[in-house]
Every structure is written in C-alpha cells, then in structure tokens.
1. Relative to the first principal axis of the alpha-carbon coordinates of the chain, what is the inclination of helix 272-288, with its axis defined by its Cα atoms, in degrees from 0 to 90 and to the nearest 10?
2. Amide H neighbours of PHE222 under 5 Å, at least 5 residues apart or on other chains, H built in the peptide plane: list them.
3. Quick check: the angle from helix 170-180's long axis to the longest principal axis of the chain, C-alpha only, nearest 10 degrees?
4. Would you kindly calculate the translational diffusion coefficient of region 116-160, applying Stokes-Einstein with the Kirkwood radius from alpha carbon pairs, for 37 °C and a viscosity of 0.692 mPa s, and quote it in µm² s⁻¹ without decimals?
5. Explain nothing, just compute: Karplus ³J(HN,Hα) = 6.51 cos²θ - 1.76 cosθ + 1.60, θ = phi - 60°, for every residue of region 91-103 in order, whole Hz, x for Gly and Pro.
6. Return the inverse of the average 1/r over all pairs of distinct C-alpha atoms in region 152-211, which is the Kirkwood hydrodynamic radius, in Å to one decimal.
7. Lysine pairs, Cα distance under 22 Å, 8 or more residues apart or cross-chain: how many in the chain?
8. Taking H as built 1.01 Å from N, whose amide H comes closer than 5 Å to the amide H of ILE132, not counting residues under 5 places away?
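The values are calculated or read from the model by the stated rules, or taken from the named source; none is laboratory data. No experiment lies behind these values; they were computed from the predicted model shown. Note that each Cβ is placed from the backbone with ideal geometry, even for glycine, and that neighbours are counted across all protein chains shown. Just the protein is used for accessible areas: all its heavy atoms, side chains included, with ligands, DNA and RNA removed. Shrake-Rupley method; radii C 1.70, N 1.55, O 1.52, S 1.80 Å.
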Amino acid sequence: MDQLFDVSLFASTLRMVTPILLAALGGALCSRVGLFNVGLEGLILIGAFSAIVGNHLTGNVWLAVLFAIVCVSVFSALMAYMSIHLKANIIVVGISLNFLAAGLTTFSLRAIFNVKGAFYDKDMVGLPKWDIPLLKDIPWLGDVVSGHSPLVYLSIVLVFVLQYYLFKSVSGFRLLAAGENPTAARSLGIKVTRIQYGAILMCGVLCALAGAQLSLGQVTMFTEGMTAGRGFIALVATMLGQSSPLGVLGSSMLFGLMDALSTRLQGFAVPVHFTMMLPYLVTIVAMFFFKDKSYMQEARKANESSR
C-alpha cells in the first residue's frame, strides 16, 4: 500500500488534475450564466492541437500557448454566436463542436504534419518546470507541490480568483444575476448578452490552457483524441462542485487522483483495460450519487431560452 500511495502518486495527481480543473472552471462560468456547455471536450482538444502547432511554427512555448488561446477563442466565439445570437440549442451546438474538433484535428494533423495518429518532435520544448523556493526543500510536501509547469500553479490560483470574483465583487454579482434571472437582470440595466458572451469566451481561454497543459505540459506531443473524455469528466466535476470554484477544485482533485491511480496500477500487474476504465467508472458512480437538481434546471432553462 505504501508503494501505491507514495509521493509520486500525489505529484502526478496534481499534474493530471490541471486540464480537468481548468476546463471545469470554464464550465462553471458558463453554468453561472445559465449555459450548459457540453463542448468542453472539443475545446480542450483544439487547444491541445493548436498549442503543438504554435510551438512548431514559432519555436516558443509561450507563443504556442497564446496561439492556442486565440484558436480556441475563435471556436468559443462561434459557439457563443450560434447559441446566444442565433438562439440555437447550446447542447446541440456543444455536441457538434466536439465532433468538429475530433474531425478537424485529425485532418489538420495529416495536412500540417503529414503524419497519422500522433505527432512528436524531439527538438520541441514543452512547458518549463518550476521549483518553488523554500517549499521544494520541505520533505514530502516539496516533492508533491514543487516541480510542475506554470499552468498547474495558475489553475490553483484561478480557483481562488474566481471564488472571490463570483461571490465578493460587483461584477461577479452581475454575472450571477444574469444567470439566475435574466429578465430581472435586464430590467436593472445589466448587459446579460454581453456577460454570456464573456463567460463562453473565458471558458474558451481556460480550455485552451487545459489543452496546452495536456500537450505541452505533460507529454510534449499530440495524439488523435488525446483528451480521452477529460472534457466530459470536467463537466461532471462542474456539476459535483455545484459550479463553485472551491467545489470544482475538490471534485477535480478526486478525478485527478483516479486518473493518476489508474496509471500507477498498471505497474502492479493490474490489467490495462481495467485501469483505463477506473476514472470513467468513478465518474459514473459520482453521477449516480449526484442528487442536486439545480444544474439540470439550468440546462432546462438554457434549452428553453434557445428555442
């Protein structure tokens, strides 16, 4: 048991939870404005691929992250325009985006890099690993917390920033009002449509960072469908966390631990098919015990407003 739950397991948990956490925070923002964004999977996949493309073209990892943000923001803007301005059903738009991302990244992989399945360049440099001064010298804690990419630390910081923004700032109260009662919010002069656009665009930025962490922070390569359902797991994390940043952090940590544990179990002669199934099995179990109906009410409200 000590060999299973050791320092490296918790360190890998912190690394693997980052894409899920970033996407779940984006999903929480959309949820707070009454939009049920099921397109997280596609946005993360586009972010992962565009980060690799940006790194290949520029040779600079930070420009690659910026390139990923721009690319994903374009698709987020398209999603916002269709669901808000054209009144299309946002669930249908999100599912369509997922299929579009899967097909587009597969086609672009062959068109740009002339390869199938995966692209890897031994000369490509991924995100740097930061050692936190003083903290890295603390036994056990330093090994767990220190030595990760900047996006790992950024995701944790964003949790507390969004928690303060949503529940302590005037702008956050307006965002909550736009989602709780759009009609009343409009009567008070709150720009509900503008807030909804901003929430989806910010969700796109967070999903772009999640994709960049996945392709540049963990493996420094891109493979077809490398998100492997993390966007849907992030959606469940948003629901379990009640669209609260701190709640989303807790639920994301659970799924990140299961993801890291599934990888670790492969070294203990556990069948690979079972270990790969573990994160998704926990997701199904979590949904089975999910009793709160407020999220479903938000989804129903989004459907009605899209007609």
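1. Taking Cα atoms only, the helix is inclined about 30 degrees.
2. PHE119
3. Around 70 degrees separate the two axes.
4. Calculated translational D: 262 µm²/s.
5. Each residue of region 91-103 in turn: 5, 5, 4, x, 5, 4, 5, 4, 5, 4, 5, 4, x Hz.
6. 12.5
7. Lysine pairs, 8 or more places apart or on different chains, close enough: 6.
8. GLY147
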